[in-house]
Amino acid sequence: MVELDHSFSTGKPADYNWDAVLDLDRIIPCVEGGKVLELENPDLAKAEIKVKMGAMSMTFKGTVEVASKDEAERRAVLRVKSKDTGGSGYANADVAFSLNDGGGTIHTEAKITGKAASMGEGVVATVLDALIKDFTTKLAAI
Amino acid sequence: MTTLGPENGTLTVRTGKGGAAAKAGHNLVIEVGRWQGSLTPDAVELNADARSMRVVSGSGGISPLGEEERNGIARTIDEEVLKGGNIFYRSRAVTAREGGYDVEGELDLLGVTRPLSFALSVDGDHLTGSAQVKQTDWRMKPYSALFGTLKVADVVEVSIDATLPKGS
């Protein structure tokens, strides 16, 4: 299990940030290589993420679900469950957002197996950290 | 003058990898498909077609390189790295020594010209040599992926292995 913490700035009010984070159609493409395949309902989307590693790429397909939300506290957890389409591995994560005026924080708990995990947990954490930092810069412009 | 090219030799580029996720990448062996060199006792010239790179093999990585991936790398080299730019070497001085030559000159790589020296060895009709090219010296940004955590090593090795035509 890899756990990571990040903060982000949007310069926008908490209400706006709340709506943006819970809009799966908008937030999933903020992950580099992320795409909504089908929005089943406002709280559940089928999605995929294609992670390019130079010539190689890995595609994870699965779901992104709003697992919990507390509008008063501006806290929400997005749950990602996905499988590597080219192997037997999976990438699951709980991404907890805590939002306020101007931005918020993200706490990520991720579990990755298969080929990607064969790089070692330290490398996975470094890549995931870079992916989430990239995500937060896109989130700033959402 | 001795003329060299794919018909009597191979021009190969070897790349390494770096960055935190280096383990995910491959060390590549890339062959230049179209090139022409000329060699006289006091001058060496070489011209390579940047659009003719072919990935021959890759080692390392978390899974083997297939044909699709090798073609993908060649496309990436073409579209994002060399972009069909100039690759031209011209010597300034060639010094003969036992078993070969020491060559000093300049490499024009994608419009930036910088000094580059290397040694050529000759054994009978067999010519070999290699040069280290540090991409950033030619203002190239080494290719990177995975949000910068996987990078092509700055220094690449370019080598030639040729059979000298009879009578040269």
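Remarks
- Within region B:76-93, the set of residues being exposed (fewer than 15 other Cβ atoms within 10 Å of the Cβ), within 14 Å of another protein chain (Cβ to nearest Cβ) and under 12 Å from B:Met53 (Cα atoms) comprises B:Glu79 only.
- Scan region B:133-165 for residues that are facing chain A (nearest Cβ under 9 Å), surrounded by fewer than 19 Cβ atoms within 10 Å (Cβ to Cβ) and either under 16 Å from B:Glu106 (Cα atoms) or out of contact with any strand residue (DSSP E or B) (no Cβ under 7 Å at 6 or more places or on another chain) (or both) and the total you get is 1.
- Where a residue in region A:96-119 is free of Cβ contacts under 8 Å to residues at least 24 places away in the same chain and under 23 Å from A:Val51 (Cα atoms) and its partner, wherever it lies, is surrounded by 15 or more Cβ atoms within 10 Å (Cβ to Cβ) and small (Gly, Ala, Ser), with Cβ under 6 Å and at least six apart: A:Met119/B:Ala24
- Residues that are surrounded by 14 or more Cβ atoms within 10 Å (Cβ to Cβ) and within 16 Å of the chain's Cα centre (by Cα) within region B:114-131 comprise B:Leu116, B:Ser117, B:Phe118, B:Ala119, B:Leu120, B:Leu127, B:Thr128, B:Gly129, B:Ser130, B:Ala131, listed in sequence order.
- Test for B:Val44: is it in a strand (DSSP E or B), within 12 Å of chain A (Cβ to nearest Cβ), among the β-branched types (Val, Ile, Thr) and crowded, with 19+ Cβ neighbours inside 10 Å: no
- Per the listing B:Glu31, B:Glu104, the residue uniquely in a strand (DSSP E or B), surrounded by 15 or more Cβ atoms within 10 Å (Cβ to Cβ) and either touching a helix residue (DSSP H, G or I) at 6+ places or on another chain (Cβ under 7 Å) or acidic (Asp, Glu) (or both) is B:Glu31.
- There is no residue in region A:96-113 that is surrounded by fewer than 19 Cβ atoms within 10 Å (Cβ to Cβ), over 16 Å from the mean Cα position of the chain (by Cα) and assigned to a helix (DSSP H, G or I).
- In region A:37-51, residue nearest to A:Val77 (Cα to Cα) [restricted to those that are touching a strand residue (DSSP E or B) at 6+ places or on another chain (Cβ under 6 Å) and not aliphatic (A, V, I, L, M)]: A:Asp43
- Yes/no for A:Ser57 being at pLDDT below 95, in a loop (DSSP other than H, G, I, E, B), polar (S, T, N, Q) and farther than 16 Å from A:Asp5 by Cβ: no
- Single unsatisfied condition, A:Ala116 versus (1) buried (at least 19 other Cβ atoms within 10 Å of the Cβ); (2) within 15 Å of A:Asn17 (Cα to Cα): (2)
- Among the residues of region B:7-40, the one identified as more than 14 Å from chain A (Cβ to nearest Cβ), farther than 16 Å from B:Tyr89 by Cα and either out of contact with any Ser or Thr (no Cβ under 9 Å at 6 or more places or on another chain) or at pLDDT below 95 (or both) is B:Glu7.
- Count of region A:31-58 residues which are within 14 Å of chain B (Cβ to nearest Cβ) and not charged (D, E, K, R): 11
The values are calculated or read from the model by the stated rules, or taken from the named source; none is laboratory data. All values derive from a computational prediction rather than experimental measurement. Every residue, glycine among them, receives a Cβ derived from its backbone with ideal geometry; neighbour counts consider all protein chains shown.
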